[in-house]
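Below is one structure, written out as structure tokens; the observations come after it.
The values are calculated or read from the model by the stated rules, or taken from the named source; none is laboratory data. Bear in mind the structure is a predicted one, so any value in this text is a computation, not a measurement. Here the Cβ positions follow ideal geometry from the backbone for every residue, glycine too, while neighbour counts run over all protein chains shown.
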């Protein structure tokens, strides 16, 4: 089972990187948030957080995105924990919006202002940029889970 989860994690990293490069929204990465919601269900909290961080790191290194590209791991971890404890796809999507849209935005303010020396007005600075992307992506992920979730879970759970 661990090998299967590692393979799925690699697939999620690759899909997130490729789809975020192909389906481009100006100053947004909603595909990452879509993948975070799906990953919460299919990977669990820790593999999902690693997947989000790794795909963000790839976008940063290979696509020239800023350090902020790695911020999705916070929402991925929190949404994975919520799904693990509630099995609610709805609350998983809501948690992704809050985790990536608000909490990540506030947490990543500090390295951007402190380490990189950006002159930013306050810790809420990134929220208007993060929240729309997280909301769009989380809704897309939720819709995919509602439409295909049960059949996908059955196929992924089987050993064939």
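A compact table of results
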item	result
Elements of type helices (runs of 4 or more DSSP H) contained in region 47-160, each with 1 or more residues being free of Cβ contacts under 8 Å to residues at least 40 places away in the same chain, under 19 Å from residue 10 (Cβ atoms) and out of contact with any helix residue (DSSP H, G or I) (no Cβ under 8 Å at 6 or more places or on another chain)	127-157
Residue check for residue 139: modelled with pLDDT of 95 or more and either on the phi < 0 side of the Ramachandran plot or surrounded by 17 or more Cβ atoms within 10 Å (Cβ to Cβ) (or both)	yes
Subset of region 15-56 [at pLDDT below 90, at negative phi and surrounded by fewer than 24 Cβ atoms within 10 Å (Cβ to Cβ)]	21, 22, 23, 24, 25, 26, 28
Residue ID - farthest from residue 96 (Cα to Cα), chosen from residues in region 112-132 that are surrounded by 16 or more Cβ atoms within 10 Å (Cβ to Cβ) and modelled with pLDDT under 85	113
